[in-house]
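The values are calculated or read from the model by the stated rules, or taken from the named source; none is laboratory data. As the structure is a prediction and not an experimental result, all values here were calculated from the model. As a convention, Cβ positions derive from the backbone with ideal geometry for all residues, glycine included, and neighbour counts pool all protein chains shown.
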């Protein structure tokens, strides 16, 4: 299991360190991380401190990022508390005090567009000039002729482009949250759902119906406000776990999106909705059965 350490608690030892925010841990990030035993990252996202109006919605909550890094073989995730005090640390101090003095860096990996230190004056070239460690600067990775970035993936997810997002991420896009009680409408219709409320700080797919896996189980997932019924409730992510009847209230549910099936639609009757839901479930079964895990 990956070890998660605050910078202040990190022990000095020989390390190969990959540095970055790594929101989404996409294929470009993975190229930077390849071969590293340690990931040095920042919480919260630096823009939340440097320029809050420009701070993006995140692709991954901290727990998902930790688990993805664990899955690709990183031994330790060292977390820097990115606060006002940290913004005053110069690039030279970052290298001398943190990378060398605190962490014992022998190899450092960064992306070609990585910047660090006060006023973002630190560059990959500055790292490469140091003799205390070897520096690996990784070019941007392209998918379908376009550079992969967290910004690009956010746009794909918001538009429902789950397959294209997966190509950039290397894994399906995921959300997770605590299962809450809904209005029991799904149970009345014969399709009981496990419901989570989207976190406003995180990216969420646009309204619609999706084939997905919920805690690893094939699931037909609706995101939206259920327009067939006047519920008055906000947006929910409602997962019907196929061929399962389990009580998940209060538990953490992780949903991995495979394919958008259709947009959210208002039906004239509950019977029409039920027939459509049956079709959605059948399509979801086929999509999930043919899904090739990365």
Handout entry: Meets criteria (over 21 Å from the mean Cα position of the chain (by Cα), in a loop (DSSP other than H, G, I, E, B) and not assigned by TED's automatic domain parsing to the domain that holds residue 253) for residue 83
Key = yes
Practice task
Could you grab me the full set of residues in the range 254-271 that are touching a residue at least 12 places away in the same chain (Cβ under 8 Å) and assigned to a helix (DSSP H, G or I)?
Solution key: 270
Handout entry: Out of 11, 76, 84, 106, sole residue that is touching a strand residue (DSSP E or B) at 6+ places or on another chain (Cβ under 9 Å), farther than 22 Å from residue 150 by Cα and exposed (fewer than 14 other Cβ atoms within 10 Å of the Cβ)
Key = 11
Handout entry: Identity of the residue in the range 143-159, in contact (Cβ under 8 Å) with a residue 24 or more places away in the chain and within 15 Å of the chain's Cα centre (by Cα), that ends up farthest from residue 112 (Cα to Cα)
Key = 158
Problem - the range 21-58: number of residues that are at negative phi and part of a loop (DSSP other than H, G, I, E, B) - result: 12
Fill in the blank from the handout: Per the list (1) touching a residue at least 40 places away in the same chain (Cβ under 8 Å); (2) in contact with a helix residue (DSSP H, G or I) (Cβ under 9 Å, 6 or more places away or on another chain), residue check on residue 208 breaks on (2)
Completion exercise
Of those in the range 59-71 that are at pLDDT below 95 and outside any helix (DSSP H, G or I), the residue surrounded by the fewest Cβ atoms within 10 Å (Cβ to Cβ) is 61
